[in-house]
Amino acid sequence: MEDMLCVCNNLEEPPTSAVFLESCHFSQVVFANIEKFYVPRTDITCYYNFSEHFTPRKKDWVGIFRVGWKTTREYYTFMWAPLPSISESSSAEQQQVVFKAYYLPKDDEYYQFCYVDQDGQIRGASVPFQFRTEAEDDMLVVTTQGEVEEIQQQNATLLQENQKLKKNLVSLQEQNLHLQEELVAAKALQNSVNTLESRCENLESQKKDLEKEKCAIKAELMQVKEEKESILSEKEQLGNQLRSSLSQIEELQLQVQSQQKEVDNLQETIKGKAKHLEQLKEENCKLNATLLTQQMLDKIKEEQTLALQILKEEKEEIEQENQKLWQENEELRARLPERGSSSAGILSPSPPNSVLLSGNPYSASPKILETNLVSMKKCPMCQEVFPNDIGEQQYLDHVQDHILDCPFCDKTFDSSNKQVYDDHVFCHRLDQA
């Protein structure tokens with residue numbers, strides 16, 4: 001379907017809706033005296049009646065729709081539907097609106113009238129009609145240039161009249177709107193008067209109730225005065241008790257201040273003792289380290305003493321063996337015949353403690369003994385061997401490097417067990433947290 005040209009004969013757009021044709025009600029407004037054909041370029045009058053269940057409103061309108069329309073927005077032109085007078089019966093009196101020729105369709109399509117309320121809902125629709133003469137198909141119209149000019153002049157005159165009518169219509173609509181506003185204001189004023197009258201009656205009733213309440217309040221006021229006197233007397237007694245309590249509180253505050261001073265002194269004493277205890281702990285740790293070092297030194301000394309004892313026993317055994325060999329040598333010399341001086345010199349006895357030229361194979365060399373003694377001075381932790389000329393403090397410092405002291409208690413740990421030491425210190429820190 002071609003797009004419909006919407007022509008408005010009023011500056012204000014009518015209320016429409018997107019409600020489709022299937023949901024509209026067509027029985028509330030009935031159109032009457034609808035012609036099959038309307039002559040083009042002439043005004044037409046549309047007649048209609050309201051049903052008894054329909055109430056017209058201010059923004060209702062009558063529109064011309066091309067047949068096949070879907071919603072009320074597809075009107076071609078429209079006129080505002082006038083409200084019936086109060087004295088008229090809206091269901092019996094026939095209503096009418098006049099459509100000016102200028103705003104009517106110019107084609108020969110089928111159209112129909114539709115009554116639309118101010119909510120944009122269709123309330124009635126007419127039978128279809130056309131804008132043409134009955135014998136229009138067989139008529140040949142001959143128009144001269146003079147007639148054309150005359151028609152154009154008439155159109156210009158009609159256009160001016162139309163503009164004037166539009167202005168008059170706007171003025172009348174404004175007057176109508178103003179009168180309706182005054183009517184609404186009058187109704188509102190009447191409602192206000194009725195409300196005020198009802199309110200006055202309520203106020204009279206409230207006044208009587210207030211008089212009764214006034215008498216009750218007077219009686220209650222007398223009772224309150226008596227209670228006030230009783231409360232004042234009780235207040236005086238409480239004031240005396242309060243003054244006594246304040247005096248006791250001051251004495252208690254003095255006692256609290258005195259005890260607070262004693263607590264402060266005790267805290268200072270505790271801090272001093274705690275500091276002294278920390279010092280004792282540090283000294284204890286140092287003593288424990290020294291004790292451990294001394295224990296290690298004693299152990300080393302015992303090991304060296306034991307080694308020296310073993311060497312002494314071995315030396316005594318060798319000396320006994322040498323003595324035995326020397327005695328055997330003497331016995332052999334006594335049995336042999338005497339020889340020359342050279343032989344005698346060679347076989348001359350040697351004292352037990354004399355040193356042989358080739359060395360005594362059965363006696364321990366002093367250098368070997370000294371080496372064994374030196375080799376016994378080694379670290380008990382890493383088994384590192386130190387020379388005999390190392391200083392005692394240097395040796396103790398080396399041993400101390402292998403010892404880890406706990407800063408929180410008197411326990412010591414081997415540096416090879418670093419993880420155990422770290423876990424132990426971490427437990428102390430958790431306890432302090």
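Here's the list of aspartates and glutamates a cross-link from Lys411 could span, going by alpha-carbon distance under 12 Å and ignoring same-chain residues fewer than 8 apart: Glu282.
Taking packing as the residue-averaged number of other Cβ atoms within 10 angstrom, the listed peptides 111-120, 288-297 run from highest to lowest as 111-120, 288-297. Legend: Rg and Dmax of the range 203-313, from Cα coordinates, 43.8, 139 Å.
Seen from Met381, the other residues with C-beta closer than 12 Å to its C-beta sum to a net charge of -1, counting Lys and Arg as +1 and Asp and Glu as -1.
Note on the range 25-62 and the range 237-287: Cα centroid distance 105 Å, given to the nearest whole angstrom.
Summarising the label geometry, the points placed 7 Å from Cα in the beta-carbon direction at Glu234 and Ala156 lie 10.5 nm from one another. In this structure, Gln304 and Glu268 have a Cβ-Cβ separation that, at R0 = 45 Å, corresponds to a calculated FRET efficiency of about 0.25.
Note on the range 204-258: percent of Cα-Cα distances in each 10 Å bin, starting at 0 and stopping at the bin with the largest distance, equals 20, 21, 18, 16, 12, 8, 4, 0. Put in line by how crowded their Cβ is, counting other Cβ atoms within 10 Å and starting with the fewest, Leu280, Leu430 read Leu430, Leu280.
Scaling against 2.2 N^0.38 Å puts the C-alpha radius of gyration of the range 237-283 at 2.10. May I ask you to list the lysines whose Cα is less than 21 Å away from that of Lys228, ignoring any residue fewer than eight positions away on the same chain? Filter leaves Lys214, Lys218. Distances between placed amide hydrogens fall under 5 Å for Tyr47 paired with Ala32, all partners being 5 or more residues away or on another chain. Computed from backbone phi with θ = phi - 60° and the Karplus coefficients 6.51, -1.76 and 1.60, the 3J(HN,Hα) list for the range 234-247 is 5, 4, 5, 4, 5, x, 4, 4, 5, 4, 5, 5, 5, 4 Hz; x is used for glycine and proline. Among Glu74, Glu392, a tally of other beta-carbon atoms within 10 Å of each Cβ gives an order, fewest to most, of Glu392, Glu74. Sorted ascending by nearby beta carbons within 10 Å, beginning with the fewest, Arg66, Arg333, Arg429, Arg123 become Arg429, Arg333, Arg66, Arg123. Sorting the segments 243-251, 320-328 by their residues' average number of neighbouring beta-carbon atoms within 10 angstrom, most packed first, yields 320-328, 243-251. Each of Ser258 and Asp423 was given a label point 7 Å from its Cα along the Cα-to-Cβ line. The distance between the two points is 5.6 nm. Set the bar at 25 Å for Cα to Cα. Now go through Lys70/Lys167; Lys58/Lys187; Lys164/Lys187; Lys275/Lys299 and name every pair that lies beyond it. The answer is Lys70/Lys167; Lys164/Lys187; Lys275/Lys299.
Every read-out reported here was derived from the displayed coordinates using simple, explicitly stated rules and does not represent laboratory data. In this text the structure is predicted, and so the values were computed from the model without any measurement. Glycine gets a Cβ as well: all are built from the backbone with ideal geometry, and neighbour counts include every protein chain shown.
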